[in-house]
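S.K.: Can you keep this structure in mind? I'll have questions shortly.
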Amino acid sequence: MVSEKKIRQVKEIKELLKQYPVVGILDLYKLPARQLFEIREKLRGKALIRMYRKRIIQRALFEAGLEKLAEYLQGEPALLFTQENPFELARLIEQNKSYSKAKAGDILPEDLWIRAGPTPLPPGPAIGLLQKFGIQAGVEGEKVVVRADKLIAKAGEEVSPELADLLGKLDIKPIQLRLNLLAAWDSGLIYTQDLLFKSRDQWLHEIQESASSALSLAFSLKWPAAPLMPLYLSEAYQHARALALEAGIEVKELLPDLLALAAAKAASLEKFLNMKAQ
C-alpha cells in the first residue's frame, strides 16, 4: 500500500512542475552537504532544489507525462525547478562551482597537468615522488621546482592513492564541486548535459563548421540561394573566360591574355625550330 507521505510527495512534485516551466534532473552523488547548502543559498530566488527518492520522482514524472526525462535519473537524484532557460541555468551552475582536493577513487573531470614553476615542497623525498610520475623536478633555493609541464592523468581516469597524495602535497584541487545537472526539460524539449555545458568557443566552432558544410553542399547542388549568387556568377565567368581563351575568341577583355598566349606559343615554336636546326 502506498503511504500518505509518498502520495503527498508525488503531488508536490506535480504542483511544482505546473509552477515552473523548466525542470532539471540533478545527481547529488559525492556533493558534500556544505557545498550543497552554499549552492542553494547562491541560487535562492533563481532556482529551487528538491530531493526525493528515485521512485517518487519517477512516478511523478510519469504521471506528468515526462517519462522521457525520467530516463536521466541516476545516482542520488534531485529535481531543480526554475524560471530561467536551461542554458542560463547551466551558466549559473558553472558560475557557482568550487574545487576540492582529490581522494583515491575520485574521477578526474578534465586532463590533469602539473605546470612548470615553483612548488610548496621542500627538498627531499618530494623530488622522488614527482619523478615517479615522470615530472622533471629540481631544487632552487629552499623549494622544489617543476622544470617542464607534464600531463599526469587524463579526464575520466580514477585517482590512485599515490596521485591523491601527490596532489595533496602540491595543494592542487582538481575535483569540481558543482550541481551535476544531467538534463533539463523546457517546453517539450530535453537538453542534455553535453549541450548545456558547452563553452562559447565550442558553440562558435560548431556553428562555423555547420555553416561551411551547408554552404558547400548548397553550392555543389546549385541551390538558388541569394548568398550563393555571387559565387555562381564568379564560377560562370571563369568558365566562360576559359572557354573563350581556348577557342581564341577575340573579345576586348581577353585581348591581353590572347596576346600573351600567342606570344608564349610563338616562343615555344621558335625554341622547337631552333632545336631541330641544330
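S.K.: In degrees between 0 and 90, to the nearest 10, how far off the longest principal axis of the chain does helix 33-42 point, with axes built from Cα atoms?
M.R.: Computed tilt is about 60 degrees.
S.K.: Based on the mean of other Cβ atoms within 10 Å per residue, sort peptides 58-68, 135-145 so the most packed one is first.
M.R.: Highest mean packing first, the order is 58-68, 135-145.
S.K.: Output the peptides 22-35, 149-162 sorted from most to least packed, where packing is the average of other Cβ atoms within 10 Å over each peptide's residues.
M.R.: On the way: 22-35: 17.6, 149-162: 13.6.
By packing density, highest mean first, the sequence is 22-35, 149-162.
S.K.: By how many nm would the segment from S199 to D111 grow when fully extended, if each residue of separation counts as 0.36 nm and the alpha-carbon distance is taken off?
M.R.: Extra length from S199 to D111 when fully extended: 30.0 nm.
S.K.: Need the list of lysines near K150 for cross-linking: C-alpha distance under 18 angstrom, and skip anything on the same chain fewer than eight residues off.
M.R.: Counting by Cα, and skipping residues close in sequence, K150 has these lysines nearby: K132, K169, K173.
S.K.: Check cross-link reach from K103 to the aspartates and glutamates: straight Cα distance under 18 Å, and skip same-chain residues fewer than eight apart.
M.R.: Cα-Cα hits under 18 Å: D111, E157, E158, E162, D165, D171.
S.K.: Let me check I've understood the local charge: for I207, count other residues with C-beta under 15 angstrom from its C-beta, Lys and Arg +1, Asp and Glu -1. What total comes out? Spell out each step's value before the answer.
M.R.: On the way: positive: K198, R200; negative: D201, E206, E209.
With Lys, Arg at +1 and Asp, Glu at -1, the net is -1.
S.K.: Helix-only estimate, please: 222 nm mean residue ellipticity of the chain, summing -39500 (n - 2.57) across DSSP H runs of length 4 or more and dividing by its residues, to the nearest 500.
M.R.: The helix contribution divided over the chain gives -15000 deg cm²/dmol.
S.K.: Let me ask something else. Sum up the charges of everything whose Cβ sits under 11 Å from the Cβ of N96, counting Lys and Arg as +1 and Asp and Glu as -1, but leave N96 out. It would help to have the intermediate numbers written out before the result.
M.R.: Values: positive: R40, K42, K46, R91, K97, R178; negative: E38, E41, E94.
Cβ neighbours under 11 Å give a net charge of +3.
S.K.: Would you mind checking the radius of gyration and Dmax of the range 112-175 based on alpha-carbon positions, in Å?
M.R.: Gyration radius and largest Cα-Cα distance of the range 112-175: 11.2, 37 Å.
S.K.: Relative contact order, percent, of the chain when contacts are C-alpha pairs under 8 Å separated by at least 6 residues?
M.R.: Result for the chain is 20 percent.
S.K.: Quick check: residue separation of S213 and L151 times 0.36 nm, minus the Cα distance between them. What number comes out in nm? Numbers along the way, then the final one.
M.R.: Working: separation 62, 0.36 × 62 = 22.32 nm, distance 3.45 nm.
Gain on extension, S213 to L151, equals 18.9 nm.
S.K.: Would you work out the charge dipole size for the chain about its Cα centre, treating the Cβ of every Lys and Arg as +1 and the Cβ of every Asp and Glu as -1, and quote it to the nearest 20 debye?
M.R.: Dipole of the chain, to the nearest 20 debye: 1060 debye.
S.K.: On to the next question. Can you tell me the 0 to 90 degree angle between the C-alpha axis of helix 255-277 and the longest principal axis of the chain, rounded to 10?
M.R.: 60
S.K.: Can you tell me, using C-alpha contacts under 8 Å and at least 6 residues apart, the relative contact order of the range 112-175 as a whole percent? Spell out each step's value before the answer.
M.R.: Numbers: 85 pairs, mean separation 25.4, N = 64.
Taking the mean separation of contacting Cα pairs over the length of the range 112-175, I get 40 percent.
S.K.: Sticking with this structure for a sec: To the nearest 0.05, how large is the calculated FRET efficiency for L243 and E162 if R₀ is 51 Å and r is the Cβ-Cβ distance?
M.R.: Once the sixth-power term is evaluated, E becomes 0.10.
S.K.: Determine the sum of side-chain charges near A242: Lys and Arg each +1, Asp and Glu each -1, restricted to other residues whose C-beta is under 15 angstrom from that of A242.
M.R.: With Lys, Arg at +1 and Asp, Glu at -1, the neighbours total -3.
S.K.: Let me check I have the definition right: for the range 58-136, take the eigenvalues of the Cα gyration tensor, multiply each by 5, take square roots. What are those semi-axes in whole Å, largest first?
M.R.: 44, 16, 10
S.K.: On each of the three principal axes of the Cα atoms of the range 135-249, give max minus min coordinate, whole Å, ordered largest first.
M.R.: 83, 50, 21
S.K.: State which entries of K14/K154; K54/K97; K6/K68 exceed 30 angstrom in Cα-Cα distance in the structure shown.
M.R.: Working: K14/K154 41 Å; K54/K97 25 Å; K6/K68 21 Å.
With Cα atoms farther than 30 Å apart: K14/K154.
S.K.: Calculate how large, on average over all directions, the projected area of the Cα convex hull of the chain is; give the answer in nm² to one decimal.
M.R.: Mean projected area for the chain: 32.2 nm², to one decimal.
S.K.: Taking Cα atoms, how many degrees apart are the long axis of helix 200-220 and the longest axis of the chain, rounded to 10 and kept between 0 and 90?
M.R.: 40
S.K.: In addition: How high is the FRET efficiency between K68 and S98 when r is their beta carbon distance and R₀ equals 35 Å, given to the nearest 0.05?
M.R.: Calculated value: 0.65.
None of the figures in this text is laboratory data; all of them are computed from the coordinates on show. Since the structure is predicted, the reported quantities are computational estimates derived from the model, not experimental observations. All Cβ positions, even for glycine, are placed from backbone atoms using ideal geometry, and neighbour counts span all protein chains on display.
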